[in-house]
Amino acid sequence: MADTLFDAYLPLVLWTGLGLIAFRFVPQALPRLLGRSLYWVGVPWQILALARQTDYAQTLELAPAVTIAALVLGLLLAWVSLQMYQRWLARLPSSESPQCSQREALPMPLLFMPADESAIALDTTLPNDLTQTRLNRPQRGSFILAATIGNTGFVGLGLVPALIHPSALGWAVFYSVTHNIIGTYGIGVFLASYYGRSQQQNHWFVQLRDVLTVPSLWAFALGSSTRSVALPEPAEQVLHASLWFVIPGAFLLMGMRLSQLHGWKSIQTALPPTLLKMVILPIAVGLGTTLLRLPGDARLALVLMSGMPSAFAGLILAEEYELDRELIASSIALSTIALLFTIPLWLFFFK
């Protein structure tokens with residue numbers, strides 16, 4: 001297991017570190033350009049390749065049901081935790097509030113982002129007392145996304161196959177595909193569109209339009225419907241070369257955004273969604289699949305996939321819909337570190 005973790009995390013450390021260093025020397029517009037490139041080209045490219053190579057006929061129908069149940073449970077837990085966290089903020093003296101500290105740190109982010117983006121991130125249209133005792137709309141959206149959407153593609157499918165029996169691999173693949181389509185680019189886009197827009201722009205048909213125009217949904221449909229169509233060898237090689245762009249690009253983007261963190265106050269806000277994503281949700285999935293009497297490897301596959309770190313796709317959605325990039329990046333960093341400690345626990349309890 002140590003060798004597997006080393007092989008999986010070497011690209012993460014390498015490309016994220018490069019992003020941390022390179023941010024000081026690249027144009028300020030590059031992170032947003034990179035995020036939009038991943039959203040419109042990179043991720044659909046990867047999903048198209050994944051959809052064409054997955055054998056769904058050999059996967060039990062219970063896998064997507066468990067995935068959807070985990071997403072719904074994650075949303076409920078995230079919403080309840082968000083209310084509790086904001087009540088806790090309201091009880092703090094204004095000088096100790098994380099939101100107050102972020103307001104005091106305003107000159108620092110202004111060095112790294114345009115004025116219009118910093119205004120969105122701090123939601124300065126709210127009265128001073130409210131900005132100190134509650135999260136603004138972009139922050140609330142990032143909080144829920146970080147607690148709900150997991151990295152089942154980049155990290156999940158890179159780690160889980162080495163930890164489970166080959167007969168249970170279909171459970172992990174179907175969890176990843178269902179999670180990406182329904183969770184990341186279904187529920188995730190809906191939430192990002194809702195919290196990334198002003199109240200005047202929020203209408204149900206706007207969110208529906210945003211979901212239906214997600215390029216990854218169309219890429220999945222195209223890949224699934226053309227599985228039986230043989231492509232020329234050069235075309236197949238180009239299709240599967242998506243990993244050479246998507247994974248380094250996502251890690252680079254995370255490194256660039258991590259370089260903008262305000263320190264511990266940003267990490268503090270990311271603690272509740274990280275705890276939900278990495279501990280509470282996998283335990284709930286493990287208990288639920290135990291009650292369903294799933295085989296050991298199938299149960300372990302679902303638990304491991306549900307306990308993957310907060311998704312890099314959340315950072316891509318934050319770029320596209322102007323959510324709080326700092327909170328998403330902090331959650332990714334914390335949950336990625338936590339993964340090293342949670343995997344041995346899931347192997348011990350649910351193997």
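Laboratory data are not the source of any read-out in this text; all were calculated from the coordinates shown. No experiment lies behind these values; they were computed from the predicted model shown. Here the Cβ is made from the backbone with ideal geometry for all residues, glycine too, and neighbour counts use every protein chain on show.
Observations on the model:
- Rounded FRET efficiency, nearest 0.05, which uses the C-beta distance separating ILE68 from TRP218 and R0 of 25 Å: 0.75
- Summarising the label geometry, the points placed 7 Å from Cα in the beta-carbon direction at ALA230 and SER167 lie 3.2 nm from one another.
- In order along segment 244-256, the phi-based Karplus estimate (6.51 cos²θ - 1.76 cosθ + 1.60, θ = phi - 60°) of 3J(HN,Hα) comes to 6, 9, 5, 5, x, x, 5, 5, 4, 4, 4, x, 5 Hz; Gly and Pro are listed as x.
- 3J(HN,Hα) along segment 84-92: 5, 5, 5, 5, 5, 4, 5, 7, 6 Hz, from the Karplus curve 6.51 cos²θ - 1.76 cosθ + 1.60 with θ = phi - 60°, whole Hz, x for Gly and Pro.
- Amide hydrogen proximity for GLY150: with H placed 1.01 Å from N in the peptide plane, the residues at 5 or more positions away or on another chain lying under 5 Å are ALA311.
- Cβ-Cβ distance of PHE245 and PHE348, R₀ of 45 Å, FRET efficiency by 1/(1 + (r/R0)^6): the value works out to about 0.80.
- Prolate/oblate/rounded call for segment 250-341, Cα gyration tensor, a/c under 1.5 rounded: prolate
- Given +1 at the Cβ of Lys and Arg, -1 at the Cβ of Asp and Glu and no other charges, the dipole of segment 211-351 around its Cα centre is 520 debye to the nearest 20.
- Alpha-carbon Rg/Rh ratio, for segment 142-244, with Rh computed the Kirkwood way: 1.05
- Spin-label pair GLN86/ALA29, simplified geometry with 7 Å Cα→Cβ offset, distance in nm: 3.6 nm
- Ranked by the mean number of other Cβ atoms within 10 Å of their residues, highest first, the peptides 70-82, 10-22, 234-246 come out as 70-82, 10-22, 234-246.
- Note on segment 219-351: dipole from Cβ charges, positive end direction compared against THR290, LEU275, ALA338; the farthest Cα belongs to THR290.
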